[in-house]
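Read the structure below first, then the notes.
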Amino acid sequence: MVLNSGDAPTRGATTDPVALARGFNHLDPAIAATAYETLGAIRRGCPVARSEELDGFVLVTGYGEIREAAHAPERFSAYVDGLGAAAVVTEMREAVAPMFETDEEHHHQWRRALMDFFTSAAAAAQEQYVRAICRETLQELIPHGAADLVGGYTQQVPPLVIGRVLGLAEMERAWLSEHVRALYGAETLTEARQIGRVYADFLLGQIRERRAHPGSDLLSRMVTVEVDGRTADEDELVKMTMLMVAAGHLTTVDACATAILQLLEDSALRERVAGDAGLLGSFVEELVRYEPAVAATGRTVTAATHLGGMPLSPGDRLLLAWGSANRDERHFADGDVFRLDRERTRTPHLGWGAGEHRCLGRHLARVELRVMLDELLRAVPDFRLQPHATVRRTFGVIRGVAALPAQWSRR
Ligand code: HEM
């Protein structure tokens, strides 16, 4: 059985949007199965609402309201305590990660300095490498006839790619891949902390080496660039590198897993994309609208203001639910339906974010997802879920799938 966000809400649960918002906690695993039903009910009743969870925050679910917040860094800072993307970094909470958690001119300077590594040409230059590691990973899986496609496939490729973009040597990429998978798969906080410390030390070693001998890679640029007359300090760089790896790894792993689940659930769609790899680009873009891997990130209010009619004070924390914006019926007809042929209108979806922090890695992510799906469909065309497999979607800062126990004919 496939459990998904289309499953019915619990009988007797409240449908009052204000009450739903009040109890909404995106980090509670129990909400994952019905996250978009709940967010839809909240959005239709109150697109900006207060939640009492996680020490209180403002939940923003409407398209226009999310866009407004993302485009106004002078009122809504990207630095946010405990809610946003930085919450996925278990170490270094006290340091502020350059670029990710900064605003306006400081942020622009950082982004400009790193842009060369994330152009569409730079992403295209990774395609051959991505294809090679997909093939290598699949060659190992094929003879088994069965595997968890999340642990065995989607988690294997992106950490090596982001390691390569950073400029790590092959052995170091393998180290990084093993440790980030262990870190984000850790079952206890103690285990996560232990791995997190070893991982932070590894990154610090890389940072110091680049300081001493800068090369032409992304990490060397991060270490040497001067913004506001200084280079970033070691704590800032470790946190920034952790966030860069998380941005490149967790998102793509989960987006690919969600894409595979979409294909498993819709055989007509699967037949179309398997028969024409040229459709994979549109498939990926619609997937990022429909089920964006970055489900919700935060902002902090820095000046007294209003959003969607709600008065806000400095220090209020916002949670921008990007995936909810993408289904907002005021902007997307049948937003709850996946449509490969959806017309691209003047209303851009917000699956890559919006405004100054719009995803820097989107060209790379598009290449990775297209190639990972293409290689999977070619290597094991008849992959299907194992009988009685239970598939559980996850939700939080990141939206994904816990595991995909699949099987295929051995060749
Ligand atoms: C399907 C995969 C991905 C999705 C859905 C996604 C989505 C997003 C979103 C929504 C944001 C904005 C967050 C905010 O404003 O609070 C963002 C930012 C960012 N993403 Fe991605 N992303 C993906 C893959 C990647 C990859 C592969 C990289 C490569 C390193 C990457 C690098 C970044 C960076 C550096 C930022 C921060 C930009 C800034 O603060 O100016 N992303 N991403």
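The values are calculated or read from the model by the stated rules, or taken from the named source; none is laboratory data. The shown structure was predicted, so the numbers you read here are calculated from the model rather than taken from an experiment. With ideal geometry, Cβ positions are generated from the backbone for all residues, glycine too; neighbour counts draw on all protein chains shown. In case anyone asks, the SASA skips ligands and DNA or RNA and just uses the protein heavy atoms, side chains included. Shrake-Rupley method; radii C 1.70, N 1.55, O 1.52, S 1.80 Å.
For ASN326, the residues whose modelled amide H falls within less than 5 Å of its own, excluding neighbours fewer than 5 places apart on the same chain, are LEU350.
Look at the dipole of the chain built from charges on Cβ: of PRO73, VAL165, VAL130, the Cα furthest out on the positive end belongs to VAL130. Averaged over residues, the count of other Cβ atoms within 10 Å places the peptides 187-194, 16-23 in the sequence 16-23, 187-194, highest first. When the helix-only estimate is applied to the chain (DSSP H runs of n ≥ 4, each -39,500 (n - 2.57), divided by the residue count), what is the mean residue ellipticity at 222 nm, nearest 500 deg cm²/dmol? That calculation yields -14000 deg cm²/dmol at 222 nm. Accessible area per residue for the chain is 43 Å², calculated with a 1.4 Å probe on protein heavy atoms, without ligands, DNA or RNA.
When the charge dipole of region 17-407 is built from unit charges on Cβ atoms (+1 for Lys and Arg, -1 for Asp and Glu) and taken about the Cα centre, the candidate among GLY353, THR394, HIS179 whose Cα reaches farthest toward its positive end is GLY353.
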